[in-house]
1. Out of region 134-149, which residues are farther than 16 Å from Arg118 by Cα and surrounded by fewer than 16 Cβ atoms within 10 Å (Cβ to Cβ)?
2. Checking the condition surrounded by 14 or more Cβ atoms within 10 Å (Cβ to Cβ) and under 21 Å from Thr72 (Cα atoms), which residue from Glu160, Glu110, Glu103, Glu127 passes?
3. Regarding Asp179, is this residue over 26 Å from His76 (Cα atoms), loosely packed, with under 10 Cβ neighbours inside 10 Å and out of contact with any Pro (no Cβ under 8 Å at 6 or more places or on another chain)?
4. Select from region 29-46 the residues that are loosely packed, with under 11 Cβ neighbours inside 10 Å and assigned to a helix (DSSP H, G or I) and write down the one among them that is modelled with the lowest pLDDT.
5. Between Gln95, Gln86, Gln77, which is within 30 Å of Gly6 (Cα to Cα), among the polar types (S, T, N, Q) and either in contact with an Asp or Glu (Cβ under 8 Å, 6 or more places away or on another chain) or open to solvent by 70 Å² or more (accessible area, probe 1.4 Å) (or both)?
6. Give, as residue ranges, the strands (runs of 3 or more DSSP E) completely inside region 69-180 that count at least 2 residues that are touching a Cys at 6+ places or on another chain (Cβ under 9 Å) and without any contact (Cβ under 8 Å) to a residue 40 or more places away in the chain.
7. Open to solvent by less than 50 Å² (accessible area, probe 1.4 Å), under 34 Å from the mean Cα position of the chain (by Cα) and among the hydrophobic types (A, V, I, L, M, F, W, C) - does that describe any residue in region 18-28?
8. Read through the list (1) touching a helix residue (DSSP H, G or I) at 6+ places or on another chain (Cβ under 9 Å); (2) part of a helix (DSSP H, G or I); (3) modelled with pLDDT under 90; (4) open to solvent by less than 90 Å² (accessible area, probe 1.4 Å), then give the number of the only condition that Arg59 fails.
Amino acid sequence: ISARFGRRAVTICSTLVGILIIVAAFVVPDAGVSVAGELANRFFALLSVGIVALVLNQRFGLEHFIATRETTMARHQQALLEAVHQVLLTNLPFQSRVRNLTEIAAESLEVGRVSIFRWREGSSGLECLDVYHPLENRHEIIPDVVENRHPEYLEAMRRELVIVSDDVQNTSFLAIRRDI
């Protein structure tokens, strides 16, 4: 049932079996088993059904995670191939290549905005190379911004080289960027 119908079927079946186990104690006549023995049998039957349902649901969760991860990885690999062809192996002007890169990144990451900034040596400012808004299919260049020196931001950049935030308004280490 679980292989064919998934999580919901497992949950419904385990609930139904649990109800039948409890109801059977009142429907089936006792065959000389003590009340304590009968209750123990019912308890362990319910426990085993619950464990099987839990294991199957965990398995489905893991399968879903793996499938999602494989889809994401395939999308990112495709984006890398596109970036190589449209950004690195092309004779387009630099700004056109930067725009291609932000478009590829926005599509691959499925985000609402992609920005590329260049750090200026000896300066505390960052130069905007491109800001892409995929929903509006719009590119813009914004004025220079102050370098973010927040410790959490610096640690994330050191580890990942990318900062992702679902809500810039509520991400403490991006407070410096709220105005843009």
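1. Restricting attention to region 134-149, the residues satisfying the condition of being farther than 16 Å from Arg118 by Cα are 134-139.
Those that are farther than 16 Å from Arg118 by Cα and surrounded by fewer than 16 Cβ atoms within 10 Å (Cβ to Cβ): Leu135, Glu136, Asn137, Arg138, His139.
2. Numbers: Glu160 fails: surrounded by 14 or more Cβ atoms within 10 Å (Cβ to Cβ); Glu110 fails: surrounded by 14 or more Cβ atoms within 10 Å (Cβ to Cβ); Glu127 fails: under 21 Å from Thr72 (Cα atoms).
So the residue among Glu160, Glu110, Glu103, Glu127 that is surrounded by 14 or more Cβ atoms within 10 Å (Cβ to Cβ) and under 21 Å from Thr72 (Cα atoms) is Glu103.
3. Numbers: over 26 Å from His76 (Cα atoms): yes; loosely packed, with under 10 Cβ neighbours inside 10 Å: yes; out of contact with any Pro (no Cβ under 8 Å at 6 or more places or on another chain): yes.
Considered against the rule, which asks whether it is over 26 Å from His76 (Cα atoms), loosely packed, with under 10 Cβ neighbours inside 10 Å and out of contact with any Pro (no Cβ under 8 Å at 6 or more places or on another chain), Asp179 comes out as yes.
4. Val35
5. Values: Gln95 fails: within 30 Å of Gly6 (Cα to Cα); Gln86 fails: within 30 Å of Gly6 (Cα to Cα).
Going through Gln95, Gln86, Gln77 in turn, the sole match is Gln77.
6. Working: elements: 114-119, 125-133, 138-140.
Because the criterion is at least 2 residues that are touching a Cys at 6+ places or on another chain (Cβ under 9 Å) and without any contact (Cβ under 8 Å) to a residue 40 or more places away in the chain, the strands (runs of 3 or more DSSP E) in region 69-180 that meet it are 114-119.
7. Looking through region 18-28, none of the residues is open to solvent by less than 50 Å² (accessible area, probe 1.4 Å), under 34 Å from the mean Cα position of the chain (by Cα) and among the hydrophobic types (A, V, I, L, M, F, W, C).
8. Single failed check for Arg59: (4).
The values are calculated or read from the model by the stated rules, or taken from the named source; none is laboratory data. What you see is a predicted model, and the numbers here were worked out from it, not measured in a lab. Here Cβ is always computed from backbone atoms with ideal geometry, including for glycine, and neighbour counts include all displayed protein chains. Surface areas here come from the heavy atoms of the whole protein model, side chains and all, with no ligands, DNA or RNA. Shrake-Rupley method; radii C 1.70, N 1.55, O 1.52, S 1.80 Å.
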